[in-house]
1. So how much slack lies between K67 and K300, counting 0.36 nm per residue of separation and subtracting their Cα-Cα distance, in nm?
2. Under unit Cβ charges (Lys, Arg +1; Asp, Glu -1), what dipole magnitude, rounded to 20 debye, does region 54-120 have relative to its Cα centre?
3. As a test question: what accessible area, to the nearest 10 Å², does E352 have when a 1.4 Å probe is rolled over all protein chains in place?
4. Using θ = phi - 60° and the Karplus relation 6.51 cos²θ - 1.76 cosθ + 1.60, list the HN-Hα couplings for region 354-366 in order, rounded to whole Hz, with x at every Gly or Pro.
5. Can you grab the distance from the C-alpha centre of region 365-407 to the C-alpha centre of region 65-103, Å, no decimals?
6. Tell me, what ³J(HN,Hα) does each residue in region 161-177 have, in order and in whole Hz, if you take phi through Karplus 6.51 cos²θ - 1.76 cosθ + 1.60 with θ = phi - 60° and put x for Gly and Pro?
7. Per the Debye formula with a single identical scatterer at each Cα and no solvent contribution, what log10 I(q)/I(0) holds for region 344-451 at q = 0.11, 0.21, 0.22 Å⁻¹?
8. Report, in debye and to the nearest 20, how large the dipole of region 2-128 comes out about its Cα centre when Lys and Arg carry +1 and Asp and Glu carry -1 on their Cβ.
Amino acid sequence: STIYKDSLKTSLLQLQCHFTWTLLKQDIDLDHLEETIADHIKFFIEYNLAYYNLLSYVCHLKNSNEKALRNLQKAEEIVQKCHPDEIARRSLVTWGNYAWIYYHMQRYEEAQTYVSKVENICEKLSSTADGKMQLPEIYAEQGWALLSFGGKYFERAKNCFENALKGEPNNPDFNAGYATALYRLEDFASRCGEDTSPSIEALKRAVELKSEDTCVMALLALKLQDLNRVDEGERYIEEAMRKTPDLPYCLRYAAKFYRRKGELWKAVKILEKALALTPNSVFLHHQLGICYRVKVFQWKKTRNPPQDEVERLINLSISHFKFVADQKPKFAAAHTDLANMYALGKRYEEAEKIFQELLQRNNLTCHEKQELYFNYGNFQRCHMKSESKAIEYYIEGLKIEKESFGRSKCSEAVQSLLRQKFERGSRDATYFGTLGLVHKLNGQKQEAIECYEKAIALDHNNEEYQNALCELQLSI
């Protein structure tokens, strides 16, 4: 009956599990996530309970509920094997997922059975009046699930680990999760041009509490490298690689470390080793593409680069970026990387096609749009030899007011281009008008006024410049 179904739904919404953690399908590439989880299950045995729970949710999102149930059975087997004394407590998320999946399969009695199981346990374990369960390990599991759903979720993930740590401040796994969330938040923030919060202390603490966690150790090394403490960072990287020479997640961070240090071939060797262990890793293909691209730029700076070698490296880079773009349609940066490499290989039509597809997208974040306008502006300027189009796209990037790395690159690029025009002796009003607009968008009112005055002196009847000038003078 509908009443029964409604009251069941109300109970389901009280459960702590993946179905109530607002993990949205549209924010993630499900096939890619499923593959990532499968790799994690292979390499991180001790966390498999959480991975099978997450995998069951991903299978449900992909409309395979039968497969979802099989993953929950695996989760139950792990609980019986690894936590025989705490079966009920450790099964709360698994049972919550069971209840939801049965509900979606319209097997309401079975769903109710699991709801009741969870409610009974919560009453026994709970000290709160409403029987709401706030276990630290459930917060931590939620934190890891949020991290796997991408950048939008990092802040919430950090909060989950903070809550877990309130209950058990010295738990090594919770500290590792907290440090990882902080590191990723910082990484994400710095790409958006924001100031970062210091993850270094959290990473150090996590490494002290769990010295066998080589992934956190490698993140600490990268953080030290960011702070120009390269030698200290390298000691951690070498120790991590010694402890887990065959762990692809540790190797990929090590490769990033050596690439940034300028030891490109060492980075490539490490990435190839990791790729042999996880051949479909998008991260590894992307990093290899970047390494070959850096090599191309190094050759192009020399006097007479060997053309065939440069071409070989361009094609290698293209093949890795293409793999990433095909696997992760939502990963805008990888598509831009691919377009830029096509342009370097003089495959302009293919580059243009990718740029146009990206420019049509309506789901890009502000900083993704700014990066895109910057890159497309460069493509127009360097490859299509159209300075006017380049200027147009750089300004599009500036019109998005949110500060970011991409925005400041648009600003620098358009100003240097206009400066070149003036140095060549150009006395065209449009260039002064454009520079006026750039200053105005950057909040530099006085400079903007001077430029518009010069533009008007060269083109007396231009209403656009006169209006802009009036507006500026009134706002001061």
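The values are calculated or read from the model by the stated rules, or taken from the named source; none is laboratory data. Just so we're clear, the structure is a prediction, and the values are computed from it rather than from any experiment. Reconstructed Cβ throughout: ideal geometry from the backbone, glycine too, with neighbour counts over all protein chains shown. Heads up: the accessible areas ignore ligands, DNA and RNA and are worked out on the full protein's heavy atoms, side chains in. Shrake-Rupley method; radii C 1.70, N 1.55, O 1.52, S 1.80 Å.
1. Length gained, K67 through K300: 78.8 nm.
2. Taking the Cα centre of region 54-120 as origin, the dipole is about 240 debye.
3. Approximately 50 Å² for this residue.
4. Working through the residues one at a time gives 5, 4, 5, 5, 5, 5, 7, 5, 10, 10, 7, 6, 4 Hz.
5. With region 365-407 and region 65-103 each reduced to a Cα centre, they are spaced 49 Å.
6. Once θ is set to phi - 60°, the couplings for region 161-177 become 5, 4, 5, 4, 5, 4, x, 9, x, 9, 5, x, 5, 5, 5, 5, x Hz.
7. -0.36, -1.11, -1.18
8. Using only the charged Cβ atoms, the result is roughly 240 debye.
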